[in-house]
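Remarks on the structure that follows.
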Amino acid sequence: MKKFLLSLLAFVLISTLVFAASGTKQYGNYYFMDGDVGIGMDDPSTKLEVDGTVTATGFAGPLTGEVTGNAGTATTLATTRAIYGNNFNGSAALTQVIGSAYGGTGNGFTKFTGPATAEKTFTLPNSSATLLYSGGDAGTPSALVGTNISGTAASFNIGGNAATVSNFTPASGSLTLAGADAVTITTTAATNSTLPLGTNTLAANDQTFYIGTTQVAINRASAALTLAGITLTTADIGTPSAGTLTNATGLPLTGLVDDTTTALGVGTLELGHATDTTLARSAAGVLSVEGVVIPSISSTNTLTNKRITKRVVTTTDDATAVIDVDVTDVYELTAIANATVFTLTGTPTDGQNLIVRYKDAGTTKGLTWTGFTALGIDLPTDTTAGKWEYVGVQYNSGASAWHAIATSLQE
């Protein structure tokens, strides 16, 4: 075969030289035209053109131009090439997984399905992240519009400058809104929900909050906040700048302040919403009203233009007339129809005075004075029919006795 090819090439060369300018020449199945050689064809367009199959054991010299058709046997590339991260030399088909650096999945077990009729674009973040999936954890997305979100997570956090949550029904846990601006919460049946309000939280007009299990309403019906059914137990109401307290009971005055630097500690208290009734501190333990000192039971004061009304105890026909000196300044006994015994009870003070006045029913009756000591006088032993009679006594703590020091009979 090799000799045949060499002879063929020599023949072609010689024929080319001989018939270079003589047009097309034919020798058997060989054609020569203007220096081109055709085998099996009479119009070659290249130096050698064969109409048929060429069989050879090899070719010498470089090959240029296109080579078409299939090789009879498999061959390998002279230089192995990397295709999407996998080496290929032509000896076998590529079956490796395309790496993630070249747009592949990197593991061969991830499959995506998508639109079937037109191309769609899905934008993913330029960072590592977890995709949301049905029944999975929502994670912490930077932005999300959720519909019918449910689950049993311990808490549900929403961030951003504006957040709106409606019809939120967690199985358990809490809802945390971390927005810097307005936060709107809309509920339809929050009878037992917990709503912790942060700084600068505002309730809308006609909005009602419920506290605790008793559903005590806090209703902001207008610009002012209305509290209904609130009971404060050992609570501190703080230092409001202004307010009107109506029908309040049980206010512990000593608990209003805990120092002496506030108005109640060293200032004045206006009573009855008027400036003409000012209660003030005059001195240590001393109060004054409109600058006039109020005497106390332990103070030393001079009373001017004051009338002391006596404590008068009256009774009728009491045969055992017991006089309680703790509540009595004047004891009056009238319509005496029986012999009467006067006795004293109570805890007297030194110098305490007592007046006993009496009158019978028109008939003289006997009198007995138990606990009385006569000084310079004689205590009456009988009444004078139809006449008033007075007996004046004074207690002497040194003698531990009530001394009768005066009597007087109606003329």
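Quick note: the coordinates plus some simple rules give every number you see, no bench work behind them. Just so it is clear, the structure is predicted and the values come from calculations on it, not from any experiment. Backbone-built Cβ (ideal geometry, glycine too); neighbour counts: all protein chains shown.
Between residue 111 and residue 341, residue separation times 0.36 nm minus the direct Cα-Cα distance comes to 70.9 nm. Each label point was placed 7 Å from the Cα along the Cα-to-Cβ direction; for residue 329 and residue 316 their separation is 2.6 nm. The value of relative contact order for the stretch 312-409, using C-alpha pairs under 8 Å at least six residues apart, is 24 percent. With the simple model of a label 7 Å out from the Cα in the direction of the Cβ, residue 409 to residue 66 spans 16.8 nm. One decimal place: the segment residue 382-residue 41 gains 104.4 nm when fully extended, by the rule 0.36 nm per residue minus the C-alpha distance.
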